[in-house]
Amino acid sequence: MEALLQKGGSSNAWRAQTVAAEAFSRWADEVGRDAKNRATLARFLALWAVSLQRNDDCALGRWRAAEAASLDWQETERTLAPFPEKDALL
């Protein structure tokens, strides 16, 4: 996801969003149950939020960013830092 988002463009953002949705439905519950994995899940949700924002699904992007922040605020900030969308998402 990160590599697609770093490339830029709406088609890469859409692909990242699709990858995120599929992966999230498969392993979010399992990953989130373990406190050690919360940073991983927060990073994933933050990247998903960027892809949503780039595809003009701003409300869902903010929602995913809020979910990420609720799991691990520092990891969410670190993940969003290189992206120009960070201010709209945090």
Quiz item: So is Lys86 out of contact with any helix residue (DSSP H, G or I) (no Cβ under 6 Å at 6 or more places or on another chain), surrounded by fewer than 23 Cβ atoms within 10 Å (Cβ to Cβ) and basic (Lys, Arg) or not?
Solution: no
Quiz item: Can we say Ala68 is under 10 Å from the mean Cα position of the chain (by Cα) and closer than 19 Å to Ala21 by Cα?
Solution: yes
Exercise. Filter region 1-47 down to residues that are modelled with pLDDT of 85 or more and among the charged types (D, E, K, R) and give me whichever is nearest to the chain's Cα centre (by Cα).
Key: Arg43
Quiz item: So which of Ala28, Ala23, Ala66 is surrounded by fewer than 17 Cβ atoms within 10 Å (Cβ to Cβ), assigned to a helix (DSSP H, G or I) and free of Cβ contacts under 8 Å to residues at least 12 places away in the same chain?
Solution: Ala66
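The values are calculated or read from the model by the stated rules, or taken from the named source; none is laboratory data. None of these values were measured; they are calculated from a predicted model. Note that we place each Cβ from the backbone using ideal geometry, even for glycine, and neighbour counts take in every protein chain shown.
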